[in-house]
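I have placed the structure first, in the form of structure tokens, so that the comments after it can refer back to it.
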Amino acid sequence: MISPSVLIFVSIIAGFVGALSGMGGGIILIPALTFFGLDIKQAIALSMISVIATSSGAASAYARDHLTNLKVGMFLEMFTMMGALAGASITVVSGQRFLFLIFGMVLLLSWGMSLVQYRAVWKPASRQDRFSQWLELEGKYYDQTEHRVVEYKAVRAPIGGVLMFIAGMIAGLLGIGAGAVKVLIHDLIMKLPPKVSTTTSNLIIGVTALAGTGVYLSAGFIRPGLAALVILGVVIGSFLGTRLFVRLSNQAVRWFFLVVLLALGVQMIWRGIRGVA
Amino acid sequence: MKISQTASRGWDMDLWVSGILRIGLSLSLTFITCGLVWKWHEVGAIRFDYSLPKTSVLQFVLEELHLLLRGTFRPRLLINLGIAILLLTPYVRVLVSVFYFAMVERNRKYTLFTLFVFLTLTYNLLFR
């Protein structure tokens, strides 16, 4: 059985790396916990509950700065929440090897995405479709670096909704925030400015993670004594990570993170193929 | 200069969302930390591994309150309360949003959307 000191140490590291990379703690936490012998379903459930804590912390700061778009968040939340309920229910009944394989694949996919170093250059959508307009998906915020008010309109709300269901499903299935997937949908499909998409995604993640946690709680996967240590560790780690973020060069973080992701992804897939020992 | 995206009739919803999340998280972390410190003080270790029976959040919270009223006060109670508060944090945020869209902005569409999220979460958390 995993010892409390290892548990809290692993959680701090996961929160730390998660904040540094902007990928969230879960993607590191779950492979690490299973490495130390925790059952993958329990690791997923523990991670899911810690995601509520980290996303609430970040979302609180962003909402205070008026960067979050509450309407976009509320609309998309309906889809991610349903997705998370479906995903978590699948995890409850599925086999361990399946989860290792899926997790490994999502890890390698994030690895690939970080490698290409996707950067969206945001251009405001020229015209808004009628459905998105009806949904009032628009807003403005004050950009502190550009010293101007940025106005924007979101587009393609229906496709965005469907894709967010899938993002929510991945989140619920694997106990992660899946923030990167959500940001990608906001940026590429719905044409939200990067600042708004990151901040709004954090708000959505809270409800998504709560829906997933509800399923895991009713399945009896949550062990409060372990959850307490993980929640505390991840929050401490991400707090430290956010502080350090400004001081470290981007490239150093990037390469460190790429190596970690690759190793974890390969390890998870290997354990999925070989059978979980 | 900061612009609120969701403000109506002098009610700045962004600040409410921010406040609810911050207070919920701080309370939760305080309870959890106190529970761990207490446990450590009592037995010299922060190890306490116990599992919950399959339960809903409502049963979970009610059971804790029941124990509290009976005066059975122990570290486990603080930990469980901390976790319950964490779970209720996004839930309360959604509940307040329902009120905001229904009473302040009087936006029927978004009242329905938030109500849908609220009711689904309620069913999921309380009555499973």
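The values are calculated or read from the model by the stated rules, or taken from the named source; none is laboratory data. From a predicted model like this one, the values you see are computed outputs, not experimental measurements. Glycine gets a Cβ as well: all are built from the backbone with ideal geometry, and neighbour counts include every protein chain shown. Just so you know, the surface numbers come from the protein's heavy atoms only, side chains and all, with ligands and any DNA or RNA stripped out. Shrake-Rupley method; radii C 1.70, N 1.55, O 1.52, S 1.80 Å.
Kindly indicate whether residue A:220 is open to solvent by less than 40 Å² (accessible area, probe 1.4 Å), outside any helix (DSSP H, G or I) and within 14 Å of chain B (Cβ to nearest Cβ).
Values: open to solvent by less than 40 Å² (accessible area, probe 1.4 Å): yes; outside any helix (DSSP H, G or I): yes; within 14 Å of chain B (Cβ to nearest Cβ): yes.
The answer is yes for residue A:220.
When residue B:39 is evaluated against the numbered criteria (1) surrounded by 20 or more Cβ atoms within 10 Å (Cβ to Cβ); (2) under 29 Å from residue A:6 (Cβ atoms); (3) modelled with pLDDT of 85 or more; (4) over 18 Å from the mean Cα position of the chain (by Cα), which criterion, by number, is the only one it fails?
The failed condition is (3).
Restricting to segment A:49-79, and then to whatever is farther than 19 Å from residue B:98 by Cβ and in contact with a strand residue (DSSP E or B) (Cβ under 9 Å, 6 or more places away or on another chain), can you tell me which residue is nearest to the other protein chains (Cβ to nearest Cβ)?
It comes out as A:66.
Considering only residues that are crowded, with 18+ Cβ neighbours inside 10 Å and either assigned to a loop (DSSP other than H, G, I, E, B) or at the interface with another protein chain (Cβ under 9 Å from one of its Cβ atoms) (or both), which ones fall in segment B:106-126?
B:110, B:113, B:114, B:117, B:120, B:121, B:124, B:125
Inspect segment A:191-206 for any residue being open to solvent by less than 10 Å² (accessible area, probe 1.4 Å), more than 14 Å from every other protein chain (Cβ to nearest Cβ) and farther than 23 Å from residue B:21 by Cα and give the result as yes or no.
Scanning segment A:191-206, I find no residue that is open to solvent by less than 10 Å² (accessible area, probe 1.4 Å), more than 14 Å from every other protein chain (Cβ to nearest Cβ) and farther than 23 Å from residue B:21 by Cα, so the answer is no.
Consider residue A:24 against the criteria (1) in a helix (DSSP H, G or I); (2) more than 14 Å from chain B (Cβ to nearest Cβ): it satisfies all of them except one. Which criterion is unmet?
Unmet condition: (1).
For segment A:177-190, what are the residues that are touching a residue at least 24 places away in the same chain (Cβ under 8 Å), open to solvent by 10 Å² or more (accessible area, probe 1.4 Å) and in a helix (DSSP H, G or I)?
Selection gives A:179, A:180, A:184, A:185, A:187, A:188, A:189.
Against the condition among the aliphatic types (A, V, I, L, M) and more than 10 Å from every other protein chain (Cβ to nearest Cβ), how does residue B:92 come out, does it pass?
Numbers: among the aliphatic types (A, V, I, L, M): yes; more than 10 Å from every other protein chain (Cβ to nearest Cβ): yes.
Yes.
Which condition from (1) touching a helix residue (DSSP H, G or I) at 6+ places or on another chain (Cβ under 6 Å); (2) closer than 14 Å to residue A:77 by Cα; (3) touching a residue at least 60 places away in the same chain (Cβ under 8 Å); (4) assigned to a helix (DSSP H, G or I) is the one that residue A:162 breaks?
Unmet condition: (1).
Just one of A:210, A:258 is over 20 Å from residue A:112 (Cα atoms), in contact with a Phe, Trp or Tyr (Cβ under 9 Å, 6 or more places away or on another chain) and open to solvent by less than 50 Å² (accessible area, probe 1.4 Å); which is it? Can you show your working first?
Values: A:258 fails: over 20 Å from residue A:112 (Cα atoms).
Checking each option against the conditions leaves just A:210.
Can you confirm whether residue B:27 is at pLDDT 90 or above and touching a strand residue (DSSP E or B) at 6+ places or on another chain (Cβ under 9 Å)?
Working: at pLDDT 90 or above: yes; touching a strand residue (DSSP E or B) at 6+ places or on another chain (Cβ under 9 Å): no.
The answer is no for residue B:27.
Restricting to segment A:151-187, name every residue that is under 17 Å from residue A:82 (Cβ atoms) and of a type in the set (Val, Ile, Thr).
A:159, A:162, A:166, A:170, A:181, A:185, listed by residue number.
Residue-by-condition table, conditions (1) of a type in the set (A, V, I, L, M); (2) more than 12 Å from chain B (Cβ to nearest Cβ); (3) over 26 Å from residue B:83 (Cα atoms); (4) in a helix (DSSP H, G or I):
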position	(1), (2), (3), (4)
A:11	no, yes, no, yes
A:16	no, yes, no, yes
A:20	yes, yes, no, yes
A:44	yes, yes, no, yes
A:47	no, yes, no, yes
A:81	yes, no, no, yes
A:105	yes, yes, yes, yes
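Would you mind finding the one in A:126, A:110, A:114 that is open to solvent by 10 Å² or more (accessible area, probe 1.4 Å), outside any helix (DSSP H, G or I), hydroxyl-bearing (Ser, Thr, Tyr) and farther than 28 Å from residue B:96 by Cα?
Sole residue among the options that is open to solvent by 10 Å² or more (accessible area, probe 1.4 Å), outside any helix (DSSP H, G or I), hydroxyl-bearing (Ser, Thr, Tyr) and farther than 28 Å from residue B:96 by Cα: A:126.
Quick one: is residue A:94 away from chain B (no Cβ under 14 Å), surrounded by fewer than 19 Cβ atoms within 10 Å (Cβ to Cβ) and polar (S, T, N, Q)?
Numbers: away from chain B (no Cβ under 14 Å): yes; surrounded by fewer than 19 Cβ atoms within 10 Å (Cβ to Cβ): yes; polar (S, T, N, Q): yes.
It is true that residue A:94 is away from chain B (no Cβ under 14 Å), surrounded by fewer than 19 Cβ atoms within 10 Å (Cβ to Cβ) and polar (S, T, N, Q).
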